[in-house]
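Some notes on the structure that comes next.
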Amino acid sequence: MQLNPYGEYAVRLAADLANDRPSSLDDLVRRCRDAGLVIDFDTTASDVEAVGRVLDRWCTIVDAPDDETRAALVNAMLEDASAYPRMTNHAGDGWHLHYRDDQHTLAGVLAALVSVGTALHLVGRGMHRLGRCTADGCTHVYADTSRNGTQRYCSPRCANRDAVRRHRCRHASSDI
């Protein structure tokens, strides 16, 4: 039974936004709404730059060299962005938990959502479940939501491209 949806959808949204940074406020708002975020507050053009800073901070969590560093970075982001959980029915679509105060910026809401979601993702699925794509030339991040926890690529495209490269390397060396 899933009690809290924050983990998976929050880290997937963070990875999506980090890999393809929003080019405008309209792009940012559309992508957040498409991910299920209710935006019932004013947004401004400055949110794009502020969200970029949130994503930069989140990427330091992705790139952390070990579990202790990763946990410390998540905890610092939680401390700065989150509040005690509270029940809300702000959108009229049912009661649910928010881990933030009534913030009025999109960047503030995303910082709270992403920090709580990342914490839930890592403690629920494993501290190794964030990473960078291992395909040559790709630096995209991924949030591993696979069943077995062995994701290494940001997308099936990168996985397939790397498999083809490895296959060609094996056959090229056997032809010599």
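The values are calculated or read from the model by the stated rules, or taken from the named source; none is laboratory data. The shown structure was predicted, so the numbers you read here are calculated from the model rather than taken from an experiment. Because the Cβ atoms are built from the backbone with ideal geometry, glycine has one as well, and the counts that use them run over all protein chains shown. For the accessible areas, the whole protein counts, side chains as well, though only heavy atoms, and no ligand, DNA or RNA atoms are used. Shrake-Rupley method; radii C 1.70, N 1.55, O 1.52, S 1.80 Å.
Output yes when any residue across the range 133-151 is over 14 Å from the mean Cα position of the chain (by Cα), more than 22 Å from ASP63 (Cβ to Cβ) and assigned to a helix (DSSP H, G or I), and no when none is. Taking every residue of the range 133-151 in turn, none turns out to be over 14 Å from the mean Cα position of the chain (by Cα), more than 22 Å from ASP63 (Cβ to Cβ) and assigned to a helix (DSSP H, G or I). Of the residues that make up the range 37-59, is at least one in contact with a strand residue (DSSP E or B) (Cβ under 8 Å, 6 or more places away or on another chain), in a helix (DSSP H, G or I) and open to solvent by less than 70 Å² (accessible area, probe 1.4 Å)? Yes: the range 37-59 contains one or more residues that are in contact with a strand residue (DSSP E or B) (Cβ under 8 Å, 6 or more places away or on another chain), in a helix (DSSP H, G or I) and open to solvent by less than 70 Å² (accessible area, probe 1.4 Å). Considering only residues that are assigned to a helix (DSSP H, G or I) and modelled with pLDDT under 95, look in the range 1-11 and name the one that is surrounded by the most Cβ atoms within 10 Å (Cβ to Cβ). If we take residues in the range 1-11 being assigned to a helix (DSSP H, G or I) and modelled with pLDDT under 95, then ALA10 is surrounded by the most Cβ atoms within 10 Å (Cβ to Cβ).
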